[in-house]
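All remarks here apply to the structure that follows.
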Amino acid sequence: MRTLADEMVLLAFDAEGGKLPVRQALAPAVRGALLAELLDSGALADQAGTARTAGGAPQDAVLRQVWQRIAAEPDRKWLHWVRKDGRESIREVLRGLEKDGLVEQSSSRVFGVFPLDRAGLTPDGLAAAREVRAAVVAAAEGAAGGRARAAHLAGIAHAGGQLATALPADRRRALKDRLAVLSADAAPVSAAVQRAVQDLQGAASSA
């Protein structure tokens, strides 16, 4: 079964399935999706704005890794965990998607020196990404029969600025109130994701 983080990465690929956005920008949304999955399953709990383990370790390897780190450092704020190990989480999610036959990865070096990692969707992955995108659009538009899971994904993706592949800018503007509600429903994780993205944008603009 795919996790919310798997679906967040699938959602982030472009329509042709051959390109991911800059991974630094994607990282808070993927981390948020991992934390939201753990929180919703009861493996984590919110205690006065901090994350604490509440249940047993999950079976999924990527989720379990996050859970174990939170267990080792209790009472850290959600923002800390959204910022923590984002690129590593993306790599782990991509490895899992590759194992499931949804992603193909390759590595090379530019000018023989600089490492360059590429990831693209397989035909099955492209179909899965389209399915995720359609579910997110339905949730964003409040369609009858929309899935709660897709609504949760849409809320975190909105907080993380990762809806461009599913909704063009004019539709995001038209649905801004609905998207704000979906994002609020994913609190406290979504608020931490939004703050992390704002910090990244602020650092980029001042560089």
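The values are calculated or read from the model by the stated rules, or taken from the named source; none is laboratory data. None of the values given here were measured: they were computed from a predicted structure. Only protein heavy atoms, including side chains, enter the accessible area calculation; ligands, DNA and RNA are left aside. Shrake-Rupley method; radii C 1.70, N 1.55, O 1.52, S 1.80 Å.
Just need the relative contact order of the range 23-96 here, percent rounded to a whole number, with Cα pairs under 8 Å and 6+ apart. Walk me through the numbers on the way to the answer.
Numbers: 85 pairs, mean separation 28.2, N = 74.
Dividing the mean separation by the residue count of the range 23-96 yields 38 percent.
Using alpha-carbon pairs under 8 Å, 6+ residues apart, how would you state the relative contact order of the range 51-143 in percent? Numbers along the way, then the final one.
Working: 66 pairs, mean separation 16.3, N = 93.
About 17 percent, as a whole number.
Per-residue surface analysis assigns residue 106 an accessible area of about 60 Å², computed on protein heavy atoms at 1.4 Å probe radius.
Only protein heavy atoms count here; on that basis, with a 1.4 Å probe, residue 50 has an accessible area of about 20 Å². Comparing 103, 193, 181 in a Gaussian network model of the chain where C-alpha atoms under 10 Å apart are linked, the largest mean-square fluctuation is found at 181.
Heavy atoms only, probe 1.4 angstrom, no DNA, RNA or ligands counted: give me 7, 98, 88 ranked by accessible area, highest first. Spell out each step's value before the answer.
Numbers: 7 15, 98 75, 88 50 Å².
Listed by decreasing accessible area, they come as 98, 88, 7.
Tell me the relative contact order for the range 119-194 as a rounded percent, counting alpha carbon contacts under 8 Å between residues six or more apart. Working shown, then result.
On the way: 71 pairs, mean separation 24.2, N = 76.
Relative contact order for the range 119-194 comes out at 32 percent.
Ligands, DNA and RNA aside, residue 158 has an accessible area near 70 Å² when probed at 1.4 Å.
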